[in-house]
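Notes for the one structure printed next.
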Amino acid sequence: MTFVMYLFFYALIKEVRIMACFLVPAAEAVVATVVEKTVEKKEEVKTSTDVQEEETPTIPLSRKLKWLTYMLWGGAILLAFEHIWHGEVVPWFPFLTAMSNPSDMSEMFHEMATVGVCMAALITLVWIVMCVVANYIVKRPAKGNTQKTAS
């Protein structure tokens, strides 16, 4: 997190126009959406063929992947809007202002590799923590179900 903050403040001081960091979380969102849909179909087939037995409550993996895709798409769309607002993404080819100058392209790729990857990794890390906490909450016993034995 400190590295991302350092890059952000460096960009502010040097007036570097960061313009493509949203592409990395967007690419991860595309992959996560495909995986989510595949897992969802497999879970539907599994639940339709299995006999419903009473088991411990769990949150399906497809729902957890949906959380990740919502976080990634939301962040990517918000960042894309911000880049459009500041004129770094334009509605004509080549769409990214850094693509018009070869010297800016290397800066853009560096920014994608540092800031974009850090943002995508941080979102994924937050999602993992969310899944662990959700599993803990679902598997803990309810307060009213504690049985006390008479001594």
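Could you run through the stretch 53-105 and say how many residues are assigned to a helix (DSSP H, G or I), among the aliphatic types (A, V, I, L, M) and farther than 18 Å from Ile123 by Cβ?
Matching residues across the stretch 53-105 total 4.
Would you confirm whether or not the stretch 57-78 contains a residue that is of a type in the set (Gly, Ala, Ser), over 30 Å from Ala98 (Cα atoms) and free of Cβ contacts under 8 Å to residues at least 40 places away in the same chain?
For the stretch 57-78, residues of a type in the set (Gly, Ala, Ser), over 30 Å from Ala98 (Cα atoms) and free of Cβ contacts under 8 Å to residues at least 40 places away in the same chain: present.
Given the conditions (1) farther than 23 Å from Val24 by Cα; (2) touching a helix residue (DSSP H, G or I) at 6+ places or on another chain (Cβ under 6 Å), and given that Met119 satisfies all but one, which numbered condition is not satisfied?
Answer for Met119: the failing condition is (1).
Residues to consider are Val39, Val126; find the one that is at negative phi, loosely packed, with under 14 Cβ neighbours inside 10 Å, of a type outside the set (S, T, N, Q) and touching a residue at least 12 places away in the same chain (Cβ under 8 Å).
That would be Val126, the only listed residue that is at negative phi, loosely packed, with under 14 Cβ neighbours inside 10 Å, of a type outside the set (S, T, N, Q) and touching a residue at least 12 places away in the same chain (Cβ under 8 Å).
What is the number of the single condition among (1) within 26 Å of Val31 (Cβ to Cβ); (2) part of a helix (DSSP H, G or I); (3) modelled with pLDDT of 90 or more that Tyr136 does not meet?
(1)
If you check Ala134, Ala76, which single one turns out to be small (Gly, Ala, Ser), within 16 Å of Met19 (Cβ to Cβ), touching a Phe, Trp or Tyr at 6+ places or on another chain (Cβ under 9 Å) and surrounded by 14 or more Cβ atoms within 10 Å (Cβ to Cβ)?
Ala76
For the stretch 91-105, which positions are farther than 11 Å from Met19 by Cα and surrounded by 10 or more Cβ atoms within 10 Å (Cβ to Cβ)?
Correct list: Pro94, Ser100, Asn101.
The values are calculated or read from the model by the stated rules, or taken from the named source; none is laboratory data. Remember, it's a predicted structure, so these values are computed and weren't measured experimentally. Note that each Cβ is placed from the backbone with ideal geometry, even for glycine, and that neighbours are counted across all protein chains shown.
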